Amino acid sequence: MTMKNRQAFVLPDGSVPFGYFENSVGRLNYEDFSLRSPARELLSTDERLRRFVHFNFMGFTSDRFISGCSLSYANKQPTVFFYVFDRHKKTVLKRGCRTRSGDIADINLSPDDGISHIMGKGMDVQFISLQDNREKTLVVKLDGLDVLTLSFQEQKPPFDTLRLCTPVGPNGWSYCQKVAGLKARGTLTLDGEEHDLRHQNAYAHHDFTGGHLRQDTFWNWACFTGQDDHGKALGLNLSNGVNETGHSENVIWCDGKRQPLGLASFAYDLDDLTKEWTITTANLGVDLTFRPDGQYAAFQPDGPTPVDFTQLFGTFDGRVRLADGETVSLRQIPGFCERQFSVWYP
C-alpha cells in the first residue's frame, strides 16, 4: 500500500491546528504527529501508523436510486464496501472487500487532490479529487464491469465545504471534510440498464475523515442530500460521538451555503434499527423523522477488533429552523442514518 505525498497538515512541531478551515488543508501527514499515550508519553512511529484511522465515503441519492461507497483504513488494513438501492424495485446490490496480499490498496490522504484506488475480490474502486476545479469523482467496477461513475464540483457555483479538526480523547484528533446537497452527474449501470444521473435528479454527498480517534469509537450520523418541494438544494450532516470538542460538524447546506446546527440527539430501537428514527438538536431547531428502506451492516462482536456497524438508507420528514428564523420543511427527502461502534486496533 502507498500513501501519496502532498502539502502537509501536521505542523512542524508535531501538533495539528484545530477549528474550521476555509481552504484546502493539504495532505494529512499523520505520521508526523506527536502522538502520546493518555499519560503523555510520546509513542513510537509504528504506533502512530497503527493507530491512524481514515474514511472516504461518497454516494448519491435520486428519485429512483440511493448509493454509497466507503473506503476505510484502520490498523493498517484497507477495506471497501459499495451498495446501490433501487427505490422503485426495492432491491439492493451490495459488495464488500477487505484487501489481501497482492490486491491494490493506494490510499490518498489529501482530501482535495489525488486518487485512492482499491482493487480486490472483483471490486475496483477509485476516489478521485482534482484540486484545480474542486471536482470529486467516484468510479466503481464490479467483476470487470462499469457500475458507477459519479462526479460533482464544489467550485461552480462556489460550495461552502465543511473542513473541521477537533481534539479527540486525551491526545488525539479528527479532521473531517464534508459536503452534501450538490448536483451530481455520471452514469449508473444496473441489471444491464444504463441510467444518466443528470436525468435522475441526483444529488451527491462526500465525507473525508482521518485522524487518531479513540481506540473504541461510537457515533450516530444522519445525512440527507437532495431538494425540497420548491427546488432548493439541501444537504444535512448531523453526528454525535466524535466532533463535539470545542466545535461541531452539525450543519445544513441550502443552495451551497452552510449554516450551523445544534448538538444532535438520536432516538431509535436498539433491537430493530430498521424501525423509525427521531433526530433532534439541543436548540430545538431540528426535528426529523427517518424511515429506513434498507441497510448495509457489518456485525462481528468477537475478536480483538469487534465492530457493530449499520448504515441505513431511507427518507426524512420534518423541519429544520435556520439561524435567520426561516424554517425548511422536509418531505420524503432521501438520505442516510448510521450507528457505528468499532475497536480500531487491539
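The values are calculated or read from the model by the stated rules, or taken from the named source; none is laboratory data. None of the values given here were measured: they were computed from a predicted structure. Here the Cβ positions follow ideal geometry from the backbone for every residue, glycine too, while neighbour counts run over all protein chains shown. Note: accessible area is taken over every heavy atom of the protein model, side chains too, but ligands, DNA and RNA are not part of it. Shrake-Rupley method; radii C 1.70, N 1.55, O 1.52, S 1.80 Å.
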Original post:
Which residue, A264, A105, A39, has the most motion in a Gaussian network model of the chain that connects Cα atoms within less than 10 Å?
Top reply: A39
Original post:
Within straight cross-link reach of K76, meaning Cα distance under 28 Å, which lysines are found once same-chain residues fewer than 8 apart are removed?
Top reply: K4, K94, K121, K136, K141, K178
**OP:** Can you tell me how much longer the chain between K121 and D293 gets when fully stretched, taken as 0.36 nm per residue apart minus their C-alpha distance, in nm with one decimal?
**Re:** 59.2 nm
**OP:** Quote the charge dipole size of the range 254-346 about the Cα centre in Debye, to the nearest 20; the model charges only the Cβ of Lys and Arg (+1) and of Asp and Glu (-1).
**Re:** 340 debye
Subject >> Surface per residue (accessible, 1.4 Å probe) for the chain, Å² >> reply: 42 Å²
Subject >> Selected from Q311, Q227, Q155 as most flexible by GNM, with the chain as the system and alpha-carbon contacts under 10 Å >> reply: Q155
Original post:
When all protein chains stay in place, what accessible area (Å², nearest 10, 1.4 Å probe) is found for K141?
Top reply: 70 Å²
**OP:** Quickly estimate the mean residue ellipticity at 222 nm for the chain, helices only: each DSSP H run with n ≥ 4 gives -39500 (n - 2.57), and the total goes over all residues, rounded to 500.
**Re:** -500 deg cm²/dmol
**OP:** For the range 169-238, just say rounded, prolate or oblate: build the C-alpha gyration tensor, square-root its eigenvalues into a ≥ b ≥ c, call rounded for a/c under 1.5, and beyond that prolate if a/b exceeds b/c, oblate if not.
**Re:** prolate
**OP:** For E276 paired with L130, estimate the spin-label separation in nm (one decimal), with each label point 7 Å from Cα along the Cα-to-Cβ line.
**Re:** 4.5 nm
**OP:** Place a +1 charge on the Cβ of each Lys and Arg in the chain and a -1 charge on the Cβ of each Asp and Glu, then give the dipole magnitude about the Cα centre in debye, rounded to the nearest 20.
**Re:** 260 debye
Original post:
Hey, if you put +1 on the Cβ of every Lys and Arg and -1 on every Asp and Glu Cβ in the range 12-121, which of F18, V53, Q77 ends up farthest toward the positive end of that dipole?
Top reply: Q77
Subject >> Of all accessible heavy-atom area on the chain, the percent that carbon and sulfur account for (1.4 Å) >> reply: 48 percent
Original post:
Can you tell which of Y268, Y30, Y83 shows the greatest fluctuation in a Gaussian network model of the chain with Cα springs below 10 Å?
Top reply: Y268
**OP:** Return the whole-Å distance between the Cα centroid of the range 64-124 and the Cα centroid of the range 280-296.
**Re:** 26 Å
Original post:
Roughly how much of R214 is accessible, in Å² to the nearest 10, using a 1.4 Å probe?
Top reply: 90 Å²
